[in-house]
Each structure stands twice: as structure tokens, then as C-alpha cells.
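What follows is one structure encoded as C-alpha cells, with my remarks underneath.
The values are calculated or read from the model by the stated rules, or taken from the named source; none is laboratory data. Keep in mind it's a predicted model, so treat the numbers as computed, not measured. A quick note on method: Cβ atoms are made from the backbone with ideal geometry, for glycine too, and the neighbour counts reach across all protein chains shown.
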Amino acid sequence: MIAGSFVVEGCAVATVDAAGSEYESGHVVVSEGIITAVGPGPAPAAPPGARRVDGSGCLATPGLVNTHHHLYQWIFRGLAQDATLFGWLTELYPRWARIDEDAVGAAAAAGLGWLALTGCTTSTDHHYLFPRGGGDLLGATIEAARRIGLRFDPTRGSMDRGQSSGGLPPDDVVEDLDAILEASQLAIDRFHDPAPGAATRIAVAPCSPFSVSSELMTQSAALARANGVRLHTHLAETADEEEFCLATHGCTPAEYADSLGWLGPDVWLAHCVHLSDDAVKRFAATGTGVAHCPSSNARLGAGHAPVKALVDAGGVVGLGVDGAASQESGMLVEELRSALYLSRLRAGTAEPAAALTARAALRLGTIGGARVLGRDTEVGTLEVGKYGDLALWRLDGLGHADIADPVAALVMGPPAPLALLTVNGRTVVEDGELRTADQAELAAGARAAARRMAKAGEGT
């Protein structure tokens, strides 16, 4: 990943460090991809050859970290509009069974480009569908991330429990257990980079309790831990899932995960809407990460996760946009506001301390996400020694100019345009334009892939 050097001055700065340090007018200096100075007032010095950026009217924050996505879904948006999770999946599984390398590459490039344009510098992806003859689908997502220039922690997902085995997905979209384990090892060998600040890291990710066997869960955990990589899955997303686990395993989804060794600091779980008080405490005690996806949970009517309780218990929580077929906006910056609002709804008329604040929401989207992905020593805050992953939000336009608190403007106002987005000090977005790829080409590629997938389904 190419490193760069720059100085931003004259901007408000929210470092999101442990002390919550903020500066009304401050600076950030990045030298060869590493932050070398952050503080109030003008920068003390500039690295040789560094560009200078006037941050007037802007807020500098760490780049946002997306902890859950399904990038292939970018070309399946707007479908099953009124369905809850199980009905939504039942309608879309047959459509997804037709994906191939070209379609996934186009979807991933568009989705990652849009994440960059809306402030995200690090993203994961949970890809769990591998139709026979579809080509190198995981490789297509990784190539797309390299093209756009984001840090990328994709997962080799999987499903082995089809309808004939009591699962939800059709049999023709699941894989054999041995093939999954072999492919997961191959993905680690091909793509995983454990080096500090690596551009790409792999995790292992069986899909969900209703689409994978217990054997796949346990063997995937053993494989991941033998290779020193992280584990990811969906958990406790809906009441339907809880009923499935109670009927199939005799316990809740959280208890099921715990019984399989799937709680710990190397695990993060998407959604976790339906958690008991005991589960909240257990997740916090084990350091298990949670990818909170508020907009998707609202779109599918899943409910609102006990995020404030998790945070208060010392849990590890970040934000995710989820797949674009269940959250068509795909803007991580909007999840800051959604997380805040859903927390307020969950708290109801309780004391304000029962809900998230604007700054707590920003923490979820930055250092919280970095902790979930195991990158908190690298990114997630603006601190000396961390990598130069920075978002510079323009807040002096019509949509934000009257909100005196810049963090509140970012979190509670409309999506702010980007003056600058950098990864490793390298410019990815500037003045609201993607600088690493042509936006029109990304849109055209995604549109063509969506039409091709729709045409492939005609008559089926």
C-alpha cells in the first residue's frame, strides 16, 4: 500500500482517542503514511515534500471502519422490499445463485467506491456464496479493494446446511464441508497478510446458525485459530433465528455460539439484536466483537440491538452497513446517526444516559470498528504512530453550517461531503470525488452486472 505525506491545518479535530481529545482549530500531520503530529493550532513542521491542505470549515476524524458487509449484494438492491429476514432470504437466494466473478467484481468495486465517498477507510466483507463455475469470487472482491484503495478484511464465508438438512438456503447454494475447509485454507494462504498495517487480512466466516452445521462451525474455528486469523458469523439477528436455535439446538443463538467455542477476542458477530442480559455480560467478559447494523436491522424489522448495554459492560462494538440488498444506502456515515437514533428508541423515556451520545456513535464507527477487526493499534483514532487513515468532512455548507458542535453536525446532520479521505496517507477521495477510480465507470459496471443477473433469472 503506497504511503503519502500531508499536513491538514485550520480544521476542527476529533481524535477519538481514549481521552476524547478535540480541538476547535487544529492540525494533523502525516509523514510517509504515519501520523506524526496532532494538536491545536498550526502544525509545528511539515515533512519534506508534504502537501498542505487548508482545513477551514472542516472536521477531521479517523476514517470510518465498516465491520459487516456483503458487497455482492450491491447489484441486487431494491428487492423484497417489505420482507423480514427469512422471507427476504428465501426470495433472494435463487437470484444470488447466479453470481459470477465479473458480477461480484463490479458489485464490490461500486460498493467499496461508495464507502470511500462516504468516509470509510477500512472495510470487511462477508462473502458466503460460491456457485459452481462462478470463478474466483473472493479474489474479485480483493482486487476491487486494491483498485479503490481501502484497507480490506474480507472473509471466506460458507454455507453447508441446505433445506434437505433442515437449513434455510436451497441445496444448490451450499457447499460440502471438506470443500469449504480446503477453500478457507487456500484463501488464507493466498491473501492473508499479518504484517502491521496490512492492506488485506482474511477471516473465516460460516454464514449463520440456520445455514451451517455445528461441525462446520467447530472445524472452521479450529482452522482459523491454527492459522492465527479471526472468526466471523451472523448471530441473534431475528426472533425467527432464536426460535430456530431453540428448536434445533435447545438453546439461544448466543448460548449455541458459546457452546461451540465461538466467543472470544478473535471473534466478531454481526447484528446481535436479540441478546439477554447474561449474553451481554458474557460477550463483554470474553471480548467478543459485535458488528451493529442499525439500518439493516430496521429495514428487515429485526429490532434494535442492546448496544448501549454492551458498551457500558465493556463490550467491543463497531458499526456495519450490511449488504446493500438489505440497506440500499450503503453509507457508513449514516450508520452513526442510525445507531444514535435506535439507541434513543430503545431507551425510550429513560434518562439520557441510557442511550448513545453523538460522540459515542462516532467512537463506534471509528475505534470501535477498529477493535472489532483487531486493528485498534493501527487505525481508528488520530494519534501519533497510527496510520494516516483520515476523513476531512466539510461542514460549512448549507446542511451543517448552523450546528456549532462539529461532531453533532457530522453525526446528526445530513451526510457531510468529503474534502479529503486518505488511507495510509494516500488520497482516495478529494473534494467529493473518488480519485482512485472513475465513478461513472463503477456505476456503469454495476448497472450492467445487475441487468445481466436479472436477465439470467428470466424464465427460472
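Data for the structure
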read-out: Some residue of region 107-122 being more than 22 Å from THR200 (Cα to Cα), among the hydrophobic types (A, V, I, L, M, F, W, C) and buried (at least 23 other Cβ atoms within 10 Å of the Cβ); value: no
read-out: Number of positions in region 152-189 that are under 22 Å from the mean Cα position of the chain (by Cα) and part of a helix (DSSP H, G or I); value: 3
read-out: Single condition GLY264 does not satisfy, out of (1) surrounded by fewer than 24 Cβ atoms within 10 Å (Cβ to Cβ); (2) under 19 Å from PHE210 (Cβ atoms); value: (2)
read-out: Out of ALA401, ALA408, sole residue that is surrounded by fewer than 24 Cβ atoms within 10 Å (Cβ to Cβ) and modelled with pLDDT under 95; value: ALA401
read-out: The one condition in (1) farther than 30 Å from GLY399 by Cβ; (2) of a type outside the set (A, V, I, L, M); (3) touching a strand residue (DSSP E or B) at 6+ places or on another chain (Cβ under 7 Å) that ARG52 fails to fulfil; value: (1)
read-out: Qualifying residue in region 123-146 (condition: in a helix (DSSP H, G or I), touching a Leu at 6+ places or on another chain (Cβ under 8 Å), among the basic types (Lys, Arg) and over 19 Å from GLY320 (Cβ atoms)); value: no
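Every residue, every condition in (1) surrounded by 24 or more Cβ atoms within 10 Å (Cβ to Cβ); (2) aliphatic (A, V, I, L, M), yes or no:
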site: THR248; (1), (2): no, no
site: THR252; (1), (2): no, no
site: SER259; (1), (2): no, no
site: VAL280; (1), (2): no, yes
site: PRO294; (1), (2): yes, no
site: GLY303; (1), (2): no, no
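To keep it simple, each residue is scored yes or no on (1) touching a Lys or Arg at 6+ places or on another chain (Cβ under 8 Å); (2) aliphatic (A, V, I, L, M); (3) touching a residue at least 40 places away in the same chain (Cβ under 8 Å).
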residue: ALA279; (1), (2), (3): no, yes, yes
residue: ALA285; (1), (2), (3): no, yes, no
residue: LEU300; (1), (2), (3): no, yes, yes
residue: VAL311; (1), (2), (3): no, yes, yes
residue: GLY330; (1), (2), (3): no, no, yes
residue: GLU334; (1), (2), (3): no, no, yes
residue: SER338; (1), (2), (3): no, no, yes
residue: SER343; (1), (2), (3): yes, no, no
